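Okay, structure first, notes after.
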């Protein structure tokens, strides 16, 4: 999608920021001469102004996992809205709660619905035992926890299904945006039918998409659809036959395939075959830390070759025409100095290959056990913006990085889903048994 900056204001794929909800800082603090941002007297104030006017949407936060394993899903017992103790400690364990979200000027995030990978024995016989697992049940529990959270704190969060609704929630109502990402296709129990049911939860009939906006194709284990970046030998050498159908069905539903955690081959094949855009919700650059979990240059270059900002991006053809890579901040992934500056090195390296309009932030907060110095929790989001300002990033580039890039990708997925609906493309009712020739149980 083309970004156009004109003298009278910023127009981002139809997005007009509109008047600020409060008086902006002085012209000196706003630093409208983008090449001179390092001369601002107060970069922190400018960062706060930016985050007050452009939503910072974190691509991956694991509050539902924390709720399950530390609080046994007892939402009423979780001190999510309580302020810090006098000694500076927080009642809420982890990196995320309401006071810190407010302090960090969060614009919202993708709530991750995660369930653990099944026992490796489930890989036998093309994952024939996967439907016996409790993954689908546990995924439903995670989705219900998210709905309970956002309902309990409805004055702070808006559970939304489209980019337009997200912008309205932030700019029109001052709420944090709540999307959902399902982390790992093992959550589907080998079923495209289960995918459609999960995607329909909390969805309004009139809307193209519901709150579930991405599906991570794998977690740390292979599944019936795709190979992961985990330590096991490849099962499918990328996508399985059912996996290709999954990618198509995601395109029809307006759900973005998420390539964090997947093998390099899975990533490449998905980019080449997708009907709509793709994303990496929480990945760092392998250039700095040679881990299979990090995204390699080859995948970044492939994304760059497919993500063309031109009219062809609106046509339903094979190959991801848009993308966003959202940077994970886990010190074990970013390596180097393991601090905020190292996070920015990853951001700028990825942006150098795919472009600044295709990079974002996916911290993995509440799903990681250590955090980088200077970005220890959501309250320190402004520190990241300050560092980007120091490095000469313009307001329009930062607005894209913090949220507009991922919103554009979601809009692109919505456009593809609408186009396929107009073409009359039907749901794919292919079953696992159809692909792998296992007889269905007779009634």
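Before moving on, here are some points about what is shown:
- Extension reserve of the residue 237-residue 73 stretch, reckoned as 0.36 nm per residue once the Cα distance is removed: 55.3 nm
- Taking all Cα-Cα distances within the range 207-298, those exceeding 19 Å account for 35%.
- Nearest 10 degrees, 0 to 90: helix 241-253 Cα axis against the chain principal axis: 50 degrees
- With Cα atoms defining each centre, the range 173-234 and the range 75-91 are spaced 30 Å apart in the structure.
- Inter-centroid distance (Cα atoms) of the range 370-443 relative to the range 134-169, Å: 15 Å
- Neighbour-count order for 127, 149, 288, fewest beta carbons within 10 angstrom listed first: 288, 149, 127
- Counting only alpha carbon atoms, the long axis of helix 405-422 and the longest principal axis of the chain meet at about 40°.
- Percentage relative contact order, the chain, counting C-alpha pairs under 8 Å, at least six apart: 18 percent
- Computed lengthening from residue 42 to residue 148, 0.36 nm per intervening residue step minus Cα-Cα distance: 34.2 nm
- Average projection, convex hull of the Cα set of the range 262-409: 8.3 square nanometres.
- Each helix, a run of at least 4 DSSP H residues, gives -39500 (n - 2.57); summed and divided by the residues of the chain, these come to -10000 deg cm²/dmol at 222 nm.
- Projecting label points 7 angstrom from Cα along Cα→Cβ for residue 203 and residue 348 puts them 4.2 nm apart.
- Convex hull volume per residue for the range 255-346, taking Cα atoms only, in Å³: 87 Å³
- Nearest-ten-degree value, helix 43-53 long axis tilted from longest Cα axis of the chain: 50 degrees
- Take the Cα of residue 390, step 7 Å toward its Cβ, do the same at residue 272, and the gap between the two points is 4.2 nm.
- Principal axis extents of the C-alpha atoms in the chain (largest first, rounded to whole Å): 73, 52, 45.
- The ranking of 279, 419, 92, 326 from fewest to most other beta carbons within 10 Å of each one's beta carbon is 419, 92, 326, 279.
- Each Cα pair under 8 Å and six or more residues apart adds its separation to the average, and for the range 114-251 the resulting relative contact order is 22 percent.
- Proxy reagent accessibility, fewest Cβ within 10 Å first, across 213, 147, 408: 147, 408, 213
- Estimated inter-spin distance, residue 301 and residue 437, nm [label 7 Å along Cα→Cβ]: 3.9 nm
The numbers here are math on the coordinates, done by the rules we state, and not lab data. Just so you know, these numbers come straight off a predicted model, no measurement behind them. Methodologically, a virtual Cβ is constructed for each residue, glycine included, from the backbone with ideal geometry; neighbour enumeration extends over all protein chains shown.
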